[in-house]
Amino acid sequence: MRELLLPKFNNNDEGCVLVGWAVDDGAEVFADEVVAEVETAKALEELVADVDGVLHRLVEVGAQCEFGRPVGLLFDSVQERDDYLANLASAVVTTAPEAEGEDHDGGPEPILSDAARTLAQDHGIRTEQLRSLGKRVVKASDVQRLIDQGVMDREPAPAAAGGSADAAVVSLSTRQRAVAAVVSEAHRTIPAAFAAIAVDLTAFRATRGGAPYGLVELLVKAMAARHADFPLFFATPGADHTLVLAPDANVGVTVDVGTGLFIPVLRDAARRPIGDLADDLMDFRVSALRQNFRGDAFADEAITLSLHNDPDIILAAPIVHPGRTCVVTLCAERSEVALAEDGTPFTRWVTTVAVTYDHRYLNGRDAVRFLTAVKQDLESADAIARLAG
């Protein structure tokens, strides 16, 4: 018997959600065959069997999974799996050992297999909901049926909070649950700070002309150009208050076209032509629509650019993902009235570039220096020509 372990697909997440099995429970699988699909905060990933065997699932669809933990077992034969299940059936346990087979209302406690108990705990299934199944022994498939029916969500809203007993409750999608896990971990572990700076886009608009790139690509180049000057902004937190410096300016860029949030990586952005980066970004958007990113599209990210350039967005402060020291934000372009040196009013185009940073590793002065350096490049015709050349 071999464990089907869940590999760590990227350094930013602690786990993922199993969104679907590609192979039936008890079916034969072959080495290098895709057996399941899991979802991290960034993308869908395929889980591949490393050896031939007969699959036994340990995790139900929709369950939160930890990297490095088994989600299934691969047996050498059907008989070996049957023997395992026979032994498992004799080892069921109760959910409330202190109750000694009785619930607090005097009724019999349902008995759960290990897999069923884990699934119930992960999804907040309560004892009375399990008892509604009318079964003395509850299997994982029974708990999954409750989850599919949304039973765990149908609790009345508290009257003291202004809720109604008939209030509608919706379940988060598996993708949003994965995002929620990352957000919760970030807020729990990262003491974030924030700084923002206004950028005059006059030079950018005057020099761009019909060039095949936009402000996003130019900002990526400006960020990457500061890799050597601000290496801690491109670092990965390590153990014992250390930082691992990135050898290349690999910039992850948020992509959200309505199919979920993805952060694919523009590799070696400092040295590559800006036109190549523009092509990659277009490919990323198409892949997001089709949800068919390559497996390596999210690897080796050193710094993140979060795009909040929908119209009228003037400021945004996203989270710093675990494994990063900061995230840079680009907001929408907007027009504003300014005054010339002689007091004459005029209209110009500006945007906001901001940075949310882990205050354990970066200080406010560092954030302002980094933003000022990027601002200078975006406002200088000579610097723009150099970055775009």
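The table that follows gives values for the structure above.
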read-out	value
Surface accessible to a 1.4 Å probe, residue 197 within the full protein complex, Å²	40
Residue-level accessible surface for residue 65, protein heavy atoms, 1.4 Å, Å²	10
Rel. contact order, % - alpha carbon contacts under 8 angstrom, at least six apart, region 226-350	23
Volume in Å³ per residue [convex hull over Cα atoms, computed for region 265-345]	171
Distribution of pairwise C-alpha distances over region 211-323, 10 Å bins, in %	13, 43, 35, 8, 0
Accessible carbon and sulfur surface of region 185-244 relative to its total accessible area, %, 1.4 Å	56
Distance from region 284-363 to region 263-278 (C-alpha centre basis), Å	16
Residue-normalised accessible area of region 265-378, expressed per residue, 1.4 Å probe, Å²	49
Of the trypsin sites (Lys or Arg not before Pro) in region 238-297, those whose Cβ has at most 15 other Cβ within 10 Å and which sit in DSSP loop	271, 294
Ranking by accessible area, most exposed first, for 274, 319 with a 1.4 Å probe	319, 274
Accessible-area ranking of 185, 128, largest first, probe 1.4 Å	128, 185
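The values are calculated or read from the model by the stated rules, or taken from the named source; none is laboratory data. Only a predicted model underlies this, so the values are computations on that prediction, with no experimental measurement involved. For neighbour counting, all protein chains shown are included, and Cβ atoms are generated from backbone atoms with ideal geometry for every residue, glycine included. Remember, those area values only see protein heavy atoms, side chains included, never the ligands or the DNA or RNA. Shrake-Rupley method; radii C 1.70, N 1.55, O 1.52, S 1.80 Å.
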